[in-house]
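Chemist: Structure below; questions to follow.
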Amino acid sequence: MDTRHTSEAVARAYDVVEVDTILLGELVTSNLIQPDPNPVVPVNDISFLRSAVDAVRYNGHQYGIPTLVCANFLAEITSLKGTQDAVNLIGSFRGSWALSGHYLNAYINKYGSSAMDEGVLSNPSKQRDILRNIKHFSDSCVRKNGNNPCIDNTYKDNTDAQINDVIASKRSSFLAYAEVIGQALFTDAGLVIQSVRAPPFGGAGHLQMYTDALVANRNTYEAKKDAIKKFITFYTSINFRFEYAYCGDMDFKCIRYVLPAISGFYSLEKVEQNCLYSQLRDVFMTSGTAGPNHEIYYKKDYLDASVAKELKYPPLSLRGEI
């Protein structure tokens, strides 16, 4: 990461940015973001989800205010319009953050994030039990004709193809982010969620959670502290999060099924009564665990290629985006 800062660049920089916390460590070591920004709402596991609180901490300091979390869930779905046979798995092990993310998820699923050391990132070939669990899970995607659309690029960065197959199948297990599962429900009201759980990577059931957070520019924080706090308070409020989740900014009814990091959202009556939200909540409240927040972004392509080689998947040549 380029750490050169000119007065002109600082003047043009944003005061507050929403980032994926996988980059948090790099932002800290580049001396770009303000430690312990002291928001109006304390960042603790009463106000925010435990995994989100852990995700914004680095070397004993808090560097961000959590906004959203996400994770890959496995949803058992029946389709009232389905005409094709049931399939064991629909989901992607190819594309942006797919295989590298599943590798980290499989490790955390078995050991938890606190057990992760440098060897997990630098030498995945030695994680034989983790690789075996990933292969066992992805093999459940093999169709009757012998093809595996989860690894042969059929579903690579293509949620539309995955959703179309969910709708066409009488019953399926859909591996996807919460908002993609919600997109499937929005696309076809004939889909019924039977259950939601953490992906079965053969471990103890820990679920790797990704976290987005607001971070403050270290160079402008003191001068603009009051305005920054006001914005953060608004942007992380339960009311704003509810309006966004329930499409208050749209002229039609929908639910985005994003997962706010603020705990009180899940106690709202309308959220508690929502079938999918309540099932998602039960999963991540009991098993959600923060993933690593440093050294991952620049190693994801290496992890993807290394795991693909070990599992004999075709290697990816294109770098994905966050």
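Chemist: Work out, step by step, the length gained on full extension between VAL17 and GLU76: first 0.36 nm times the residue separation, then minus their alpha carbon distance; give nm to one decimal.
Modeler: My answer for the length gained is 17.6 nm.
Chemist: Hey, for a label at TYR297 modelled as a point 7 Å past Cα toward Cβ, could you say which residues of the range 49-80 have their backbone N under 17 Å away?
Modeler: 55-59, 63-68
Chemist: Cα to Cα, under 20 Å, and not fewer than 8 places away if on the same chain: which aspartates and glutamates meet these conditions relative to LYS270?
Modeler: GLU179, GLU243, ASP249, ASP251, ASP282
Chemist: Count the DSSP beta bridges whose two residues both fall in the chain, then state the antiparallel fraction as a percent rounded to the nearest 5.
Modeler: Here the antiparallel bridges make up roughly 85 percent for the chain.
Chemist: Let me ask something else. So what's the gap between the Cα centers of the range 271-298 and the range 132-200, to the nearest angstrom?
Modeler: Value for the Cα centre distance between the two parts: 19 Å.
Chemist: Can you work out the FRET efficiency for the pair PHE252 and ASP117, with r the C-beta to C-beta distance and R0 = 51 Å, to the nearest 0.05?
Modeler: Efficiency at R0 = 51 Å is approximately 0.55.
Chemist: Would you mind working out the accessible area per residue for the chain, using a 1.4 Å probe, and quoting it in Å²?
Modeler: About 47 Å² of surface per residue is accessible.
Chemist: Please report the Cα spread of the range 189-322 along all three principal axes, rounded to whole Å, starting with the longest.
Modeler: Principal extents (largest minus smallest coordinate, Cα): 50, 49, 32 Å.
Chemist: If you don't mind, another one. Using the 2.2 N^0.38 Å rule of thumb for compact globular proteins, work out how the range 177-265 stacks up: its C-alpha Rg over that value, please.
Modeler: 1.45
Chemist: Per the chain: cysteines with no other Cys C-beta under 4.7 angstrom?
Modeler: So far as the 4.7 Å Cβ criterion goes, CYS70, CYS275 stand without a partner in the chain.
Chemist: Over 30 Å between Cα atoms: which of LYS126/LYS156; LYS81/LYS253; LYS81/LYS156; LYS126/LYS170; LYS253/LYS300; LYS144/LYS253 fall into that group? Kindly include the intermediate steps, with their values, before the conclusion.
Modeler: On the way: LYS126/LYS156 26 Å; LYS81/LYS253 22 Å; LYS81/LYS156 25 Å; LYS126/LYS170 39 Å; LYS253/LYS300 37 Å; LYS144/LYS253 39 Å.
Going by Cα-Cα distance, LYS126/LYS170; LYS253/LYS300; LYS144/LYS253 fall outside the 30 Å limit.
Chemist: Hey, what did the chain get for relative contact order, percent, Cα under 8 Å, at least 6 apart?
Modeler: Worked out over the chain, it gives 34 percent.
Chemist: Can I ask one more? Which residue, TYR298, TYR155, TYR14, has the most motion in a Gaussian network model of the chain that connects Cα atoms within less than 10 Å?
Modeler: TYR14
Chemist: In addition: Once neighbouring chains are kept in place and the probe is 1.4 Å, which whole percent of the accessible area of the range 39-158 is contributed by carbon and sulfur?
Modeler: Numbers: 2420 of 5010 Å².
On the range 39-158, the fraction of accessible area on carbon and sulfur atoms equals 48 percent.
Chemist: When the Kirkwood radius is taken over all Cα pairs of the chain, what Stokes-Einstein diffusion coefficient follows at 10 °C and 1.306 mPa s, in µm²/s?
Modeler: Here the translational diffusion coefficient equals 77 µm²/s.
The values are calculated or read from the model by the stated rules, or taken from the named source; none is laboratory data. Everything numeric here is computed off the predicted structure, so don't read it as measured data. Positions of Cβ are backbone-derived with ideal geometry, glycine not excepted, and every protein chain shown enters the neighbour counts. Protein only, heavy atoms only, side chains kept; ligands, DNA and RNA dropped before computing areas. Shrake-Rupley method; radii C 1.70, N 1.55, O 1.52, S 1.80 Å.
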